[in-house]
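Beneath this line is the structure, given in structure tokens, with notes to follow.
The values are calculated or read from the model by the stated rules, or taken from the named source; none is laboratory data. Worth saying up front: this structure is predicted, and the values here are computed from it rather than measured. Don't worry about glycine lacking a Cβ; one is built from the backbone with ideal geometry, like all the others, and counts go over all protein chains shown.
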Amino acid sequence: MKIRIISCTLLLLNFISLNGQITSINMSLINKERIINDIEAFINCELEKWQKKGKFESTYTYLQRVNAVTRANKIEELTYKKINAIAITIINLSIKEHEYDPDNELYKIEFIGLPPIYINVPVSNNEAHSFDRNIKTINFRNPTYTLTENGFMLLSLDIYNPINHRTYTYNYQNKLIFKKK
């Protein structure tokens, strides 16, 4: 990833509705270039601090800490950190629609402004029934995002049903097959 050197002054992204509440925003309404510039500014500012040799840091220790591999890892870490910081301020994880596939025991959940996700919720022990019945009380925890050409996308998410105290985990790498009706 090539990082352009730009000022450490960060542009604050404020996506606020008329009543002052943070809302879910369609990516077509968001200035993607502004978000990318904000990410680059954050990375450059943090890298500048990270790459400085500490007052009591030996040259050997510094070269172990700051090299091409650790720099690339640091850029990746900072990129995801900033993407998530931006995403959680503008994305409201509200379920738009949900659908269940009993043959594969999968829920397809659609959020406003995000691609759908698929999670495994077993039929046994009435888990699927409880999930469906309590869909409005479901809690979303630990979301992680990435930025794609089409906008933000969930990478992972913990979904907690407070009624039966079950947590279901979504991970974009899980290859799940949802059979439409």
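Restricting to the stretch 146-181, and then to whatever is assigned to a loop (DSSP other than H, G, I, E, B) and in contact with an Asp or Glu (Cβ under 7 Å, 6 or more places away or on another chain), can you tell me which residue is nearest to LYS136 (Cα to Cα)?
The qualifying residue nearest to LYS136 (Cα to Cα) is ASN164.
In this structure, does VAL123 turn out to be modelled with pLDDT under 95, aliphatic (A, V, I, L, M) and either over 27 Å from the mean Cα position of the chain (by Cα) or not assigned by TED's automatic domain parsing to the domain that holds THR146 (or both)? It would help to see each step written out before you state the result.
Working: modelled with pLDDT under 95: yes; aliphatic (A, V, I, L, M): yes; either over 27 Å from the mean Cα position of the chain (by Cα) or not assigned by TED's automatic domain parsing to the domain that holds THR146 (or both): yes.
When the stated conditions are applied, VAL123 passes them.
Looking at LYS179 and the list (1) of a type outside the set (S, T, N, Q); (2) surrounded by 13 or more Cβ atoms within 10 Å (Cβ to Cβ); (3) in contact with a strand residue (DSSP E or B) (Cβ under 6 Å, 6 or more places away or on another chain), which single condition is not satisfied?
Condition (2) is where LYS179 drops out.
Among (1) under 22 Å from LYS32 (Cβ atoms); (2) among the acidic types (Asp, Glu); (3) at pLDDT below 95, where does GLU77 come up short?
Every listed condition holds for GLU77 apart from (3).
If you scan the stretch 91-118, which residues turn out to be surrounded by fewer than 19 Cβ atoms within 10 Å (Cβ to Cβ) and within 16 Å of TYR160 (Cβ to Cβ)?
SER94, ILE95, HIS98
If VAL121 passes every condition in (1) farther than 25 Å from ILE35 by Cβ; (2) surrounded by fewer than 18 Cβ atoms within 10 Å (Cβ to Cβ); (3) not basic (Lys, Arg) but one, which one does it miss?
Unmet condition: (2).
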